[in-house]
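The values are calculated or read from the model by the stated rules, or taken from the named source; none is laboratory data. Predicted, not measured: the structure shown is a model, and the values here were computed from it. Virtual Cβ from ideal backbone geometry, glycine too; neighbours counted across all protein chains shown.
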Amino acid sequence: MPARPDFGVRLAAERAQRQQAGLWRRLRTASSSRSGRIVLAGRELIDFGSNDYLGLAQHPQLIEALQRAASVGVGARASHLLGGHRDEHAALEQDVAQWLGRERALLFSCGYMAALGVTGTLLRRHDLCLQDRLNHACLLDGARLSGATLQRYRHGDVNEAQRLLRQSTERAALLVSDSVFSMDGDLAPLPELADLARREGACLMLDEAHALGALGPRGAGACAAAGLGAADVPVWMGTLGKALGGTGAVIAGSAELIEALVNSARSYVYTTAMPPALASAMRVAVQLAQEADDRRAHLQQLIAQLQQGAASQGWTLLPSTTPIQPLLVGSAERASALAAALEQAGCYCPAIRPPTVPTGSARLRISLSAAHSVEDVGVLLGALGQQR
Ligand SMILES: *Cc1c(COP(=O)(O)O)cnc(C)c1O
(Lines give C-alpha, C1' and ligand atoms only; values in the text may rest on other atoms or scores of the structure.)
Protein backbone atom coordinates (compact mmCIF):
# COMPACT_ATOMS: atom_id res chain seq x y z
CA MET A 1 0.00 0.00 0.00
CA PRO A 2 1.45 3.45 -0.88
CA ALA A 3 2.18 5.86 2.00
CA ARG A 4 -0.69 8.08 1.06
CA PRO A 5 -1.69 10.91 3.47
CA ASP A 6 -4.68 9.88 5.56
CA PHE A 7 -7.75 12.10 6.06
CA GLY A 8 -8.35 10.80 9.57
CA VAL A 9 -4.82 11.76 10.65
CA ARG A 10 -5.26 15.20 9.12
CA LEU A 11 -8.60 15.85 10.81
CA ALA A 12 -7.26 14.77 14.19
CA ALA A 13 -4.27 17.11 13.85
CA GLU A 14 -6.48 20.03 12.87
CA ARG A 15 -8.84 19.31 15.74
CA ALA A 16 -5.95 19.27 18.23
CA GLN A 17 -4.69 22.57 16.87
CA ARG A 18 -8.07 24.27 17.11
CA GLN A 19 -8.74 22.86 20.56
CA GLN A 20 -5.40 24.16 21.79
CA ALA A 21 -6.21 27.64 20.49
CA GLY A 22 -9.63 27.52 22.15
CA LEU A 23 -11.29 27.65 18.73
CA TRP A 24 -12.98 24.27 18.49
CA ARG A 25 -16.67 24.74 17.71
CA ARG A 26 -19.42 22.62 19.18
CA LEU A 27 -22.98 22.34 18.06
CA ARG A 28 -25.57 22.99 20.71
CA THR A 29 -29.08 21.76 20.20
CA ALA A 30 -31.79 24.24 21.04
CA SER A 31 -35.42 23.43 21.80
CA SER A 32 -38.15 25.63 20.47
CA SER A 33 -39.30 28.46 22.62
CA ARG A 34 -41.27 31.68 22.55
CA SER A 35 -40.27 34.50 20.22
CA GLY A 36 -37.14 36.23 21.54
CA ARG A 37 -36.21 33.23 23.69
CA ILE A 38 -34.10 30.11 23.21
CA VAL A 39 -34.02 26.91 25.26
CA LEU A 40 -30.50 25.50 25.70
CA ALA A 41 -29.69 22.60 28.01
CA GLY A 42 -33.22 22.80 29.38
CA ARG A 43 -32.96 26.48 30.38
CA GLU A 44 -34.88 29.28 28.71
CA LEU A 45 -32.62 32.23 27.90
CA ILE A 46 -33.24 35.59 26.28
CA ASP A 47 -32.02 35.03 22.72
CA PHE A 48 -29.56 37.70 21.60
CA GLY A 49 -28.12 35.41 18.93
CA SER A 50 -30.80 35.20 16.24
CA ASN A 51 -31.25 37.15 13.00
CA ASP A 52 -35.02 37.30 13.51
CA TYR A 53 -34.82 41.09 13.71
CA LEU A 54 -38.54 41.76 13.34
CA GLY A 55 -39.66 38.77 15.41
CA LEU A 56 -41.54 37.35 12.42
CA ALA A 57 -40.29 33.73 12.61
CA GLN A 58 -43.08 32.84 15.00
CA HIS A 59 -45.70 35.30 13.79
CA PRO A 60 -49.15 33.63 13.95
CA GLN A 61 -50.05 34.75 10.41
CA LEU A 62 -46.85 33.22 9.04
CA ILE A 63 -47.43 29.95 10.86
CA GLU A 64 -51.02 29.84 9.67
CA ALA A 65 -50.02 30.56 6.04
CA LEU A 66 -47.45 27.75 6.09
CA GLN A 67 -49.88 25.27 7.65
CA ARG A 68 -52.64 26.12 5.22
CA ALA A 69 -50.38 25.89 2.16
CA ALA A 70 -48.71 22.68 3.40
CA SER A 71 -52.06 20.92 3.66
CA VAL A 72 -51.90 20.21 -0.10
CA GLY A 73 -48.32 18.93 -0.17
CA VAL A 74 -44.76 19.47 0.92
CA GLY A 75 -42.07 19.18 -1.73
CA ALA A 76 -41.87 21.04 -5.07
CA ARG A 77 -41.03 17.62 -6.62
CA ALA A 78 -38.60 19.03 -9.19
CA SER A 79 -36.22 21.82 -10.09
CA HIS A 80 -37.71 25.10 -11.32
CA LEU A 81 -36.98 24.40 -14.98
CA LEU A 82 -38.43 20.88 -14.89
CA GLY A 83 -41.91 21.48 -13.49
CA GLY A 84 -41.03 22.58 -9.96
CA HIS A 85 -41.73 26.28 -10.57
CA ARG A 86 -45.15 26.91 -9.09
CA ASP A 87 -47.65 29.75 -8.80
CA GLU A 88 -46.50 30.34 -5.23
CA HIS A 89 -42.87 30.93 -6.33
CA ALA A 90 -43.89 33.23 -9.18
CA ALA A 91 -46.19 35.27 -6.92
CA LEU A 92 -43.49 35.67 -4.28
CA GLU A 93 -41.00 36.81 -6.94
CA GLN A 94 -43.47 39.41 -8.16
CA ASP A 95 -44.17 40.68 -4.64
CA VAL A 96 -40.46 41.07 -3.92
CA ALA A 97 -39.71 42.78 -7.26
CA GLN A 98 -42.49 45.26 -6.56
CA TRP A 99 -41.30 45.86 -2.99
CA LEU A 100 -37.80 46.65 -4.20
CA GLY A 101 -38.75 48.53 -7.33
CA ARG A 102 -36.93 46.13 -9.66
CA GLU A 103 -38.04 44.71 -12.97
CA ARG A 104 -37.75 41.08 -11.87
CA ALA A 105 -36.71 38.91 -8.94
CA LEU A 106 -35.58 35.29 -8.78
CA LEU A 107 -35.97 32.97 -5.83
CA PHE A 108 -33.13 30.75 -4.59
CA SER A 109 -33.28 28.19 -1.79
CA CYS A 110 -30.89 30.21 0.38
CA GLY A 111 -28.52 33.14 0.28
CA TYR A 112 -25.44 31.00 -0.09
CA MET A 113 -26.81 29.52 -3.28
CA ALA A 114 -27.98 32.89 -4.60
CA ALA A 115 -24.47 34.30 -4.19
CA LEU A 116 -22.84 31.33 -5.93
CA GLY A 117 -25.43 31.49 -8.72
CA VAL A 118 -25.11 35.15 -9.55
CA THR A 119 -21.32 35.37 -9.35
CA GLY A 120 -21.00 32.20 -11.41
CA THR A 121 -23.33 33.59 -14.06
CA LEU A 122 -21.71 37.02 -14.39
CA LEU A 123 -18.00 36.34 -13.87
CA ARG A 124 -15.54 34.64 -16.25
CA ARG A 125 -11.92 33.71 -15.92
CA HIS A 126 -10.31 37.05 -16.78
CA ASP A 127 -12.82 39.28 -15.05
CA LEU A 128 -12.18 41.23 -11.88
CA CYS A 129 -14.26 40.76 -8.74
CA LEU A 130 -13.60 43.39 -6.09
CA GLN A 131 -14.87 42.71 -2.60
CA ASP A 132 -14.82 44.26 0.84
CA ARG A 133 -12.53 42.28 3.14
CA LEU A 134 -15.40 41.62 5.55
CA ASN A 135 -17.90 40.37 2.96
CA HIS A 136 -19.88 37.24 3.77
CA ALA A 137 -18.18 33.92 3.01
CA CYS A 138 -20.69 33.04 0.27
CA LEU A 139 -19.71 36.10 -1.79
CA LEU A 140 -16.02 35.27 -1.53
CA ASP A 141 -16.65 31.62 -2.34
CA GLY A 142 -18.78 32.57 -5.34
CA ALA A 143 -16.02 34.73 -6.78
CA ARG A 144 -13.41 32.01 -6.19
CA LEU A 145 -15.55 29.35 -7.80
CA SER A 146 -16.14 31.55 -10.86
CA GLY A 147 -12.42 31.59 -11.67
CA ALA A 148 -12.36 35.41 -11.90
CA THR A 149 -9.58 37.37 -10.23
CA LEU A 150 -10.74 38.12 -6.70
CA GLN A 151 -9.27 41.20 -5.04
CA ARG A 152 -10.28 42.35 -1.58
CA TYR A 153 -10.09 45.95 -0.40
CA ARG A 154 -9.79 47.10 3.21
CA HIS A 155 -13.12 47.23 4.99
CA GLY A 156 -15.15 50.16 3.68
CA ASP A 157 -12.16 51.67 1.86
CA VAL A 158 -13.58 53.10 -1.36
CA ASN A 159 -10.23 54.69 -2.27
CA GLU A 160 -8.51 51.33 -2.26
CA ALA A 161 -11.35 49.87 -4.31
CA GLN A 162 -10.88 52.71 -6.82
CA ARG A 163 -7.14 52.13 -7.00
CA LEU A 164 -7.66 48.42 -7.70
CA LEU A 165 -10.28 49.14 -10.36
CA ARG A 166 -7.99 51.61 -12.11
CA GLN A 167 -5.20 49.05 -12.24
CA SER A 168 -7.18 46.96 -14.68
CA THR A 169 -9.49 49.12 -16.74
CA GLU A 170 -9.59 46.53 -19.53
CA ARG A 171 -11.40 43.89 -17.45
CA ALA A 172 -15.10 43.51 -16.79
CA ALA A 173 -15.50 44.28 -13.09
CA LEU A 174 -18.05 43.29 -10.45
CA LEU A 175 -17.89 45.33 -7.25
CA VAL A 176 -19.48 43.39 -4.39
CA SER A 177 -20.30 44.35 -0.82
CA ASP A 178 -22.57 43.41 2.05
CA SER A 179 -24.81 46.42 2.70
CA VAL A 180 -24.89 45.59 6.42
CA PHE A 181 -21.87 43.56 7.53
CA SER A 182 -22.88 40.39 9.28
CA MET A 183 -20.34 40.33 12.10
CA ASP A 184 -19.73 44.09 12.52
CA GLY A 185 -23.25 45.40 11.92
CA ASP A 186 -21.99 48.53 10.18
CA LEU A 187 -23.17 49.86 6.83
CA ALA A 188 -21.07 49.86 3.67
CA PRO A 189 -20.48 53.33 2.16
CA LEU A 190 -23.32 52.74 -0.26
CA PRO A 191 -23.54 56.08 -2.15
CA GLU A 192 -19.73 56.14 -2.55
CA LEU A 193 -19.69 52.58 -3.87
CA ALA A 194 -22.46 53.43 -6.34
CA ASP A 195 -20.53 56.52 -7.51
CA LEU A 196 -17.34 54.53 -7.88
CA ALA A 197 -19.03 51.80 -9.90
CA ARG A 198 -20.62 54.39 -12.17
CA ARG A 199 -17.35 56.31 -12.71
CA GLU A 200 -15.32 53.17 -13.39
CA GLY A 201 -17.88 51.32 -15.49
CA ALA A 202 -18.09 48.48 -12.95
CA CYS A 203 -21.26 46.62 -11.99
CA LEU A 204 -22.34 46.96 -8.34
CA MET A 205 -23.78 44.00 -6.41
CA LEU A 206 -25.01 44.47 -2.85
CA ASP A 207 -25.96 41.74 -0.41
CA GLU A 208 -28.77 43.00 1.83
CA ALA A 209 -29.17 39.82 3.90
CA HIS A 210 -29.14 41.75 7.19
CA ALA A 211 -30.91 44.86 5.88
CA LEU A 212 -34.01 43.57 4.12
CA GLY A 213 -36.96 44.04 6.45
CA ALA A 214 -34.84 45.63 9.17
CA LEU A 215 -33.88 48.91 7.49
CA GLY A 216 -35.19 51.42 5.00
CA PRO A 217 -38.59 52.73 3.98
CA ARG A 218 -41.15 49.91 4.32
CA GLY A 219 -38.20 47.69 5.23
CA ALA A 220 -36.89 47.72 1.66
CA GLY A 221 -33.27 47.70 2.86
CA ALA A 222 -30.22 49.93 3.11
CA CYS A 223 -30.03 50.69 -0.64
CA ALA A 224 -33.57 52.01 -0.56
CA ALA A 225 -32.74 54.01 2.57
CA ALA A 226 -29.79 55.57 0.68
CA GLY A 227 -32.00 56.32 -2.32
CA LEU A 228 -30.17 53.85 -4.57
CA GLY A 229 -32.30 52.21 -7.22
CA ALA A 230 -32.00 49.72 -10.03
CA ALA A 231 -29.61 51.90 -12.08
CA ASP A 232 -27.20 52.23 -9.13
CA VAL A 233 -27.34 48.63 -7.93
CA PRO A 234 -27.96 46.40 -10.96
CA VAL A 235 -27.47 43.23 -8.91
CA TRP A 236 -29.41 43.25 -5.66
CA MET A 237 -29.38 40.29 -3.27
CA GLY A 238 -31.46 39.71 -0.15
CA THR A 239 -32.38 36.76 2.00
CA LEU A 240 -35.59 35.54 3.63
CA GLY A 241 -33.98 33.74 6.57
CA LYS A 242 -33.24 36.79 8.70
CA ALA A 243 -35.71 39.63 9.28
CA LEU A 244 -38.26 37.85 7.07
CA GLY A 245 -38.35 34.97 9.53
CA GLY A 246 -38.27 32.08 7.05
CA THR A 247 -35.71 30.85 4.58
CA GLY A 248 -34.74 31.46 0.96
CA ALA A 249 -33.12 34.28 -0.98
CA VAL A 250 -33.78 36.62 -3.85
CA ILE A 251 -31.74 38.20 -6.60
CA ALA A 252 -33.47 41.28 -8.02
CA GLY A 253 -32.52 43.10 -11.20
CA SER A 254 -33.28 43.47 -14.87
CA ALA A 255 -35.19 40.86 -16.88
CA GLU A 256 -31.93 40.31 -18.76
CA LEU A 257 -30.09 39.39 -15.56
CA ILE A 258 -32.88 37.18 -14.24
CA GLU A 259 -33.24 35.24 -17.48
CA ALA A 260 -29.48 34.72 -17.58
CA LEU A 261 -29.65 33.28 -14.06
CA VAL A 262 -32.51 30.94 -15.01
CA ASN A 263 -30.32 29.65 -17.83
CA SER A 264 -26.90 29.57 -16.21
CA ALA A 265 -26.92 29.77 -12.42
CA ARG A 266 -25.93 26.24 -11.45
CA SER A 267 -27.25 26.63 -7.90
CA TYR A 268 -30.64 27.51 -9.45
CA VAL A 269 -30.78 25.01 -12.30
CA TYR A 270 -29.50 21.90 -10.54
CA THR A 271 -31.51 21.93 -7.34
CA THR A 272 -35.02 21.24 -6.14
CA ALA A 273 -37.28 24.29 -5.92
CA MET A 274 -38.16 25.56 -2.44
CA PRO A 275 -41.33 23.97 -1.01
CA PRO A 276 -44.26 25.95 -2.48
CA ALA A 277 -45.90 26.18 0.96
CA LEU A 278 -42.84 27.99 2.22
CA ALA A 279 -43.05 30.41 -0.70
CA SER A 280 -46.68 31.07 0.26
CA ALA A 281 -45.69 31.77 3.84
CA MET A 282 -42.90 34.07 2.69
CA ARG A 283 -45.41 36.16 0.76
CA VAL A 284 -47.12 36.83 4.08
CA ALA A 285 -43.73 37.67 5.62
CA VAL A 286 -43.03 40.15 2.82
CA GLN A 287 -46.38 41.81 3.50
CA LEU A 288 -45.83 41.89 7.27
CA ALA A 289 -42.30 43.24 6.89
CA GLN A 290 -43.50 46.10 4.72
CA GLU A 291 -46.09 47.05 7.32
CA ALA A 292 -43.74 46.68 10.31
CA ASP A 293 -42.79 50.32 10.92
CA ASP A 294 -43.83 49.92 14.57
CA ARG A 295 -41.50 46.94 14.98
CA ARG A 296 -38.64 48.83 13.31
CA ALA A 297 -39.22 51.83 15.61
CA HIS A 298 -39.20 49.56 18.68
CA LEU A 299 -35.97 47.98 17.44
CA GLN A 300 -34.33 51.41 17.11
CA GLN A 301 -35.37 52.17 20.68
CA LEU A 302 -33.73 48.93 21.91
CA ILE A 303 -30.56 49.71 19.94
CA ALA A 304 -30.29 53.14 21.60
CA GLN A 305 -30.96 51.60 25.02
CA LEU A 306 -28.21 49.01 24.61
CA GLN A 307 -25.71 51.52 23.22
CA GLN A 308 -26.25 54.01 26.03
CA GLY A 309 -26.21 51.37 28.75
CA ALA A 310 -23.11 49.59 27.47
CA ALA A 311 -21.22 52.87 26.98
CA SER A 312 -22.03 53.99 30.52
CA GLN A 313 -20.50 50.72 31.79
CA GLY A 314 -17.36 51.29 29.71
CA TRP A 315 -17.88 48.49 27.19
CA THR A 316 -16.82 49.01 23.57
CA LEU A 317 -19.59 48.38 21.09
CA LEU A 318 -18.53 48.55 17.45
CA PRO A 319 -20.04 51.58 15.69
CA SER A 320 -23.28 50.17 14.32
CA THR A 321 -26.74 51.63 13.83
CA THR A 322 -28.28 48.26 12.96
CA PRO A 323 -29.73 45.47 15.16
CA ILE A 324 -26.27 43.80 15.09
CA GLN A 325 -24.41 45.31 18.05
CA PRO A 326 -21.03 43.60 18.46
CA LEU A 327 -19.29 43.95 21.79
CA LEU A 328 -15.57 43.83 21.09
CA VAL A 329 -13.64 41.64 23.54
CA GLY A 330 -10.31 40.79 21.87
CA SER A 331 -9.13 37.30 22.72
CA ALA A 332 -11.16 34.22 21.90
CA GLU A 333 -10.80 32.95 25.48
CA ARG A 334 -12.19 36.14 27.02
CA ALA A 335 -15.06 36.22 24.54
CA SER A 336 -15.99 32.62 25.40
CA ALA A 337 -15.76 33.34 29.14
CA LEU A 338 -17.97 36.42 28.85
CA ALA A 339 -20.53 34.52 26.77
CA ALA A 340 -20.61 31.79 29.46
CA ALA A 341 -21.10 34.35 32.24
CA LEU A 342 -23.97 36.03 30.38
CA GLU A 343 -25.55 32.65 29.81
CA GLN A 344 -25.43 32.02 33.56
CA ALA A 345 -27.32 35.28 33.94
CA GLY A 346 -30.00 34.20 31.44
CA CYS A 347 -28.78 35.79 28.20
CA TYR A 348 -27.64 33.93 25.10
CA CYS A 349 -25.01 36.08 23.30
CA PRO A 350 -22.78 33.83 21.22
CA ALA A 351 -19.05 34.55 21.06
CA ILE A 352 -17.78 35.01 17.51
CA ARG A 353 -14.18 33.90 17.20
CA PRO A 354 -11.56 33.47 14.47
CA PRO A 355 -11.66 32.41 11.68
CA THR A 356 -15.12 34.00 11.37
CA VAL A 357 -13.56 37.31 12.50
CA PRO A 358 -9.88 38.41 12.38
CA THR A 359 -7.56 37.21 15.17
CA GLY A 360 -7.66 39.53 18.18
CA SER A 361 -11.16 40.80 17.38
CA ALA A 362 -13.27 38.10 19.03
CA ARG A 363 -16.57 39.52 20.14
CA LEU A 364 -20.03 38.90 21.39
CA ARG A 365 -22.43 39.41 18.53
CA ILE A 366 -25.44 40.85 20.29
CA SER A 367 -28.38 40.93 17.94
CA LEU A 368 -31.53 42.70 18.90
CA SER A 369 -35.03 41.87 17.77
CA ALA A 370 -38.41 43.54 17.89
CA ALA A 371 -39.37 40.41 19.87
CA HIS A 372 -37.29 41.78 22.78
CA SER A 373 -38.73 44.09 25.38
CA VAL A 374 -37.06 47.02 27.09
CA GLU A 375 -36.91 44.74 30.16
CA ASP A 376 -35.02 42.07 28.17
CA VAL A 377 -32.33 44.56 27.19
CA GLY A 378 -32.30 45.69 30.82
CA VAL A 379 -31.52 42.12 31.92
CA LEU A 380 -28.63 41.98 29.43
CA LEU A 381 -27.26 45.32 30.65
CA GLY A 382 -27.53 44.16 34.25
CA ALA A 383 -25.56 41.01 33.39
CA LEU A 384 -22.94 43.00 31.49
CA GLY A 385 -22.61 45.38 34.43
CA GLN A 386 -21.79 42.41 36.69
CA GLN A 387 -18.85 41.54 34.43
CA ARG A 388 -17.06 44.92 34.62
C1 LIG B 1 -26.70 34.92 6.19
C2 LIG B 1 -26.05 35.57 5.04
C3 LIG B 1 -26.03 34.96 3.79
C4 LIG B 1 -26.51 33.56 3.59
O5 LIG B 1 -27.88 33.51 3.56
P6 LIG B 1 -28.60 32.10 3.83
O7 LIG B 1 -29.95 32.30 3.29
O8 LIG B 1 -28.57 31.95 5.32
O9 LIG B 1 -27.82 31.06 3.12
C10 LIG B 1 -25.54 35.66 2.73
N11 LIG B 1 -25.01 36.90 2.89
C12 LIG B 1 -24.96 37.50 4.09
C13 LIG B 1 -24.37 38.86 4.21
C14 LIG B 1 -25.47 36.84 5.21
O15 LIG B 1 -25.39 37.40 6.40
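Here are a few things to note about the model shown:
- Among the conditions (1) crowded, with 24+ Cβ neighbours inside 10 Å; (2) more than 25 Å from residue 358 (Cα to Cα); (3) under 17 Å from the mean Cα position of the chain (by Cα), the only one that residue 132 does not satisfy is (2).
- Of all residues making up region 248-263, the number that are among the polar types (S, T, N, Q) and within 11 Å of the chain's Cα centre (by Cα): 0
Residue-by-condition table, conditions (1) closer than 21 Å to residue 232 by Cβ; (2) of a type in the set (A, V, I, L, M):
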position	(1), (2)
48	no, no
59	no, no
64	no, no
70	no, yes
83	no, no
96	yes, yes
121	yes, no
135	yes, no
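- Odd one out for residue 306, checked against (1) within 21 Å of residue 209 (Cα to Cα); (2) assigned to a helix (DSSP H, G or I): (1)
- Residues of region 1-27 satisfying the condition of being within 31 Å of the chain's Cα centre (by Cα) and surrounded by 10 or more Cβ atoms within 10 Å (Cβ to Cβ): 11, 14, 15, 16, 17, 18, 19, 21, 22, 23, 24
- Some residue of region 315-331 being at pLDDT 95 or above, out of contact with any strand residue (DSSP E or B) (no Cβ under 8 Å at 6 or more places or on another chain) and either in a loop (DSSP other than H, G, I, E, B) or on the phi > 0 side of the Ramachandran plot (or both): no
- Residues in region 146-186 that are acidic (Asp, Glu), out of contact with any Leu (no Cβ under 9 Å at 6 or more places or on another chain) and under 21 Å from residue 210 (Cα atoms): 157 alone.
- Selection over region 155-192 of residues that are over 30 Å from residue 349 (Cα atoms) and in a loop (DSSP other than H, G, I, E, B) gives a count of 5.
- Single residue of region 74-102 satisfying the filter (under 24 Å from the mean Cα position of the chain (by Cα) and free of Cβ contacts under 8 Å to residues at least 12 places away in the same chain) that is farthest from residue 219 (Cα to Cα): 90
- Residues of region 227-245 that are under 21 Å from residue 261 (Cβ atoms) and under 12 Å from the mean Cα position of the chain (by Cα): 237, 238, 239, 240, 241, 244.
- Residue count for region 246-256 under the criterion of being away from the ligand (no atom under 16 Å from the Cβ) and surrounded by fewer than 22 Cβ atoms within 10 Å (Cβ to Cβ): the result is 3.
- Residue in region 340-359 that is hydroxyl-bearing (Ser, Thr, Tyr) and without any contact (Cβ under 8 Å) to a residue 40 or more places away in the chain present: yes
- Any hit, region 268-282, residues being over 25 Å from residue 120 (Cα atoms), surrounded by fewer than 20 Cβ atoms within 10 Å (Cβ to Cβ), within 22 Å of the chain's Cα centre (by Cα) and away from the ligand (no atom under 16 Å from the Cβ): no
- When we screen 185, 201 for residues that are within 16 Å of the ligand (Cβ to nearest atom) and at pLDDT 95 or above, the only hit is 185.
- Annotation note: of 152, 144, 124, the sole residue that is farther than 25 Å from residue 278 by Cα, charged (D, E, K, R) and part of a loop (DSSP other than H, G, I, E, B) is 124.
- Per the conditions (1) within 15 Å of the ligand (Cβ to nearest atom); (2) surrounded by fewer than 22 Cβ atoms within 10 Å (Cβ to Cβ); (3) among the hydroxyl-bearing types (Ser, Thr, Tyr), the sole criterion not satisfied by residue 177 is (2).
- Taking first residues from region 274-296 that are at negative phi and partners that are assigned to a helix (DSSP H, G or I) and among the charged types (D, E, K, R), the Cβ contacts under 6 Å between residues at least 6 apart in sequence or on separate chains come to 276/88; 279/88; 280/88; 283/95; 286/95; 290/218.
- Filter result for residue 224 (more than 16 Å from the ligand (Cβ to nearest atom) and under 18 Å from the mean Cα position of the chain (by Cα)): yes
- Of all residues in region 98-112, those that are surrounded by fewer than 20 Cβ atoms within 10 Å (Cβ to Cβ) and either at positive phi or among the aliphatic types (A, V, I, L, M) (or both) total 1.
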